[in-house]
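The values are calculated or read from the model by the stated rules, or taken from the named source; none is laboratory data. Small disclaimer: the values here were computed from a predicted structure and weren't measured. Cβ atoms come from the backbone with ideal geometry, glycine included; neighbour counts cover every protein chain shown. Side chains included, ligands, DNA and RNA excluded: accessible areas come from the protein's heavy atoms. Shrake-Rupley method; radii C 1.70, N 1.55, O 1.52, S 1.80 Å.
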Amino acid sequence: MILKILGSIFIFLSSSLFGMYRVTKIKFKINNLKKIVNALEILESEIKFITPLEHAAKNISELETDQFIKKFFFNIYKSLNQKLNSAQNIWLEQVNLLAEKIYIEQDDILHLKSFSHVITNLDQDLQISYLKKIILALEKKIIFLDENYVSRKKLYFNLGILFGLLIVIIFI
Amino acid sequence: MRENLELYLPCEIKSLFQKFVSDDFFFDIQEIRIRVNNPIIIKNKNQNFTFASNSLTKNIFSGIKITKKNIDQTLELLTNYSPYAFQNQIQNGFITIQNGHRVGLAGEIIMQDNKIKTIRNISSINFRIAHEIKDCAKDFIKYISNPPENIIIIGPPGSGKTTFLRDLTRILSRDYKISVVDERSEIGACYLGVPQNDLGPQTDILDKCPKNLGMDMLLKTMSPEIIILDEISEPAEINSIINIINSGVKIIFSLHAKNLDDIKNRDLTKNLIAQKLIDKYFFLNPDNKIQDIYNKNLEKIF
């Protein structure tokens, strides 16, 4: 009997935690996107203020508190400083590395990668427009996820609890 | 100098230099020209060389050809992956890199409001190598009275005007407060605002600043005794120069010209000469030597 109760508690807790995990994942995505948008806004200002890309990346890495985004910009700075690869390849490589480490969706990765098309463009206005476009797309995603988060928070949590209860009822 | 310059060359071209160019040969290089689908041309002591498959050769038709990718990579390195940061310079057709070397660019011009907005699809890059020659102006200081005067350094392109002006700045800076408006970063070769060339202990420098704006700014803020400028070419700059002279500050600047008649007849300079605002005219010849010096009455004194 004790084993049955312990098993039931275990199933109940696992499914509830799974529900919470689904909700928290959305929250992580929102937070990550907010940090990326913030860093891109600084990059936009640095480009407006004609700071060379290498120094702009270094400045952002020094300002950033999130360790993954900090590392993303620091690696860009380091690679640009070594001058062994094109800026386009360096940006793409680092976006791929970042995507492996944080919760971010495929379309957001593609938006981030799109900056590589203009990263060494001669036209400052075009670069700024591209950054604005990326920021706008990410901000829309944040709004969408935020709305989703509110509505799904209860749903996933309750589903987790109910699913746990269902399993317990069926098997016991 | 070699290491600094090679930083701006893509790996393929850099390796050719490392294989076939000795340090002594490199020191005397005046220009390196890189053009799409053409061999690299290296001008050394007024002779042209290029890279054959396993040596340097004077037969410039048989050289290894440059690709568009090589040009794009060079541009990325020249602008430190940030062409937007060099847009003002690119509009004028050149970029100044560390040590004051000037890199000329040619390609497709983009116009906006009847002005050059930028150059894209760059097809030619020309490195003009600057040589800091200390004491090249030392022997001519005796022709500048104390306190100093308003002076023009005149010569054709490549005659060493900037080198002479730089050394003059360094020497005069021992005794006078000097301000330099270095629009093309060729005098001080500033990197992140810090001059890479020795301009002496009392020199303040405004880097990448338009000359006419910089002169007024320095006059109000730095109380200079002498203002130094390179390559005057616009009427607005001449107007600012006249203001500076009238305010009692001395001015030394360089100018592209062939001879005295050339500057006497040119719209840009004839007023300065007619009003006898300039005290000395130093003429440089294409061999980078002072050829003539004239006083304000246009009498030859050297």
Equivalent ellipsoid, the stretch A:119-159 (semi-axes from 5 times Cα gyration tensor eigenvalues, Å): 37, 7, 4
Which cross-chain or sequence-distant (5 or more) residues have an amide H under 5 Å from the amide H of B:S82, H modelled 1.01 Å from N in plane? A:L53
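Suppose the chain between B:D113 and B:Q275 were pulled fully straight at 0.36 nm per residue; how much longer would it get relative to their current alpha carbon spacing? Don't jump to the answer; show the numbers that get you there.
On the way: separation 162, 0.36 × 162 = 58.32 nm, distance 3.64 nm.
That works out to 54.7 nm of additional length.
Calculate, for the stretch A:2-171, the solvent-accessible area per residue in square angstrom, rolling a 1.4 angstrom probe over the heavy atoms of the protein chains. Working shown, then result.
Values: 9610 Å² over 170 residues.
I get 57 Å² per residue for the stretch A:2-171.
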Quick one: if the Förster radius is 60 Å, what FRET efficiency do B:K220 and A:N96 give, using the C-beta to C-beta distance and rounding to 0.05? 0.70
How big is the gap, in Å, between the Cα center of the stretch A:54-105 and the Cα center of the stretch A:1-43? 27
Which residues of the stretch A:98-123 show a drop of at least 50 Å² in accessible area when all protein chains are present, compared with their chain alone (probe radius 1.4 Å, heavy atoms only, ligands and nucleic acids excluded)? A:T120, A:L122
Within straight-line cross-link reach of B:K65, aspartates and glutamates at Cα separation under 14 Å, skipping those fewer than 8 residues along the same chain: B:E12
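With the alpha-carbon atoms as the only input, what is the per residue convex hull volume for chain B in Å³? Mind showing how you got there, number by number?
On the way: hull volume 42.8 nm³, N = 302.
Looking at chain B, the number lands at 142 Å³ per residue.
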Taking the Cα-to-Cβ direction at B:N38 and at B:S15 and moving 7 Å from each Cα, how far apart do the two end points lie in nm? 2.6
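What is the ratio of the Cα radius of gyration of the stretch A:35-112 to 2.2 N^0.38 Å, where N is its residue count, to two decimals? Walk me through the numbers before you get to the answer.
Numbers: Rg = 11.8 Å, N = 78, 2.2 N^0.38 = 11.5 Å.
Here the Cα radius of gyration is 1.03 times the empirical estimate.
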Would you kindly calculate the translational diffusion coefficient of the stretch B:20-88, applying Stokes-Einstein with the Kirkwood radius from alpha carbon pairs, for 20 °C and a viscosity of 1.002 mPa s, and quote it in µm² s⁻¹ without decimals? 162
For chain A, what is the charge dipole size about the Cα centre, in debye to the nearest 20, if Lys and Arg each add +1 at the Cβ and Asp and Glu each add -1 at the Cβ? 700
Using a 1.4 Å probe on the protein heavy atoms, what percent of the accessible area of the protein assembly as shown belongs to carbon and sulfur? 54
Consider a paramagnetic label point 7 Å from the Cα of A:N158 along Cα→Cβ; state which residues of the stretch A:9-27 have an amide N under 16 Å from it. A:16, A:19-20, A:23
Along the three principal axes, how long is the protein assembly as shown when you take its alpha carbons, biggest first, rounded to the nearest angstrom? 118, 58, 42
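Ordered by packing density, taken as the mean number of other Cβ atoms within 10 Å over each peptide's residues, highest first, how do B:30-36, A:65-71 rank? Mind showing how you got there, number by number?
Working: B:30-36: 18.6, A:65-71: 15.0.
So the peptides B:30-36, A:65-71, ranked by packing, come out B:30-36, A:65-71.
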Provide a whole-number value for the mean count of partner chain Cβ atoms within 10 Å of the Cβ atoms in peptide B:81-94. 6
Report, in deg cm²/dmol and to the nearest 500, the calculated mean residue ellipticity at 222 nm for chain A, where each DSSP H run with n ≥ 4 adds -39500 (n - 2.57) and the sum is divided by the residue count. -30000 deg cm²/dmol
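Averaged over peptide A:128-135, how many Cβ atoms belonging to another chain are found within 10 Å of each residue's Cβ? All intermediate terms of the calculation are to be shown ahead of the outcome.
Working: counts 1, 0, 0, 0, 0, 0, 0, 0.
Mean shielding count: 0.
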When the scattering of the stretch B:138-295 is computed by the Debye formula from its Cα atoms alone, each counted once and equally, what is log10 I(q)/I(0) at q = 0.14 Å⁻¹? -0.63
Note on the stretch B:214-290: the mean projected area of its alpha-carbon convex hull, in nm², is 5.3
Taking the Cβ-Cβ separation of B:E6 and A:I2 as r and a Förster radius of 56 Å, what is the calculated FRET efficiency to the nearest 0.05? 0.15
Provide, for q = 0.11, 0.13, 0.16, 0.19 Å⁻¹, the log10 of I(q)/I(0) from a solvent-free Debye sum over equal Cα point scatterers in the stretch B:2-128. -0.37, -0.52, -0.77, -1.05
Listed residues A:L112, A:L63, A:L145; largest mean-square fluctuation, Gaussian network over chain A with Cα springs below 10 Å, found at A:L63
Mean separation of Cα contacts under 8 Å (6+ apart) over length of the stretch B:1-77, as relative contact order %: 29
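May I ask which of A:K48/A:K140; A:K83/B:K69; B:K43/B:K258; A:K133/B:K115 have a Cα-Cα span longer than 25 Å here?
From the list (A:K48/A:K140; A:K83/B:K69; B:K43/B:K258; A:K133/B:K115), the Cα-Cα distance tops 25 Å for A:K133/B:K115.
Using mean Cβ contacts within 10 Å as the protection proxy, how do A:75-88, B:267-280, B:202-215 order, highest first? Show your work: numbers first, answer last.
Values: A:75-88: 17.9, B:267-280: 15.6, B:202-215: 20.1.
Going from most to least packed, we get B:202-215, A:75-88, B:267-280.
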Taking the C-alpha atoms of the stretch A:2-171, convex hull volume expressed per residue in Å³: 129
One finds, for A:I109 and B:N88 with R0 = 41 angstrom and r their Cβ-Cβ distance, a FRET efficiency to the nearest 0.05 of 0.75
Measuring from the lowest to the highest alpha carbon on each principal axis, how far does the stretch A:79-127 reach, largest first, in angstroms? 32, 27, 10
Round to a whole angstrom and tell me the spacing of the C-alpha centers of the stretch B:118-192 and the stretch B:254-302. 17
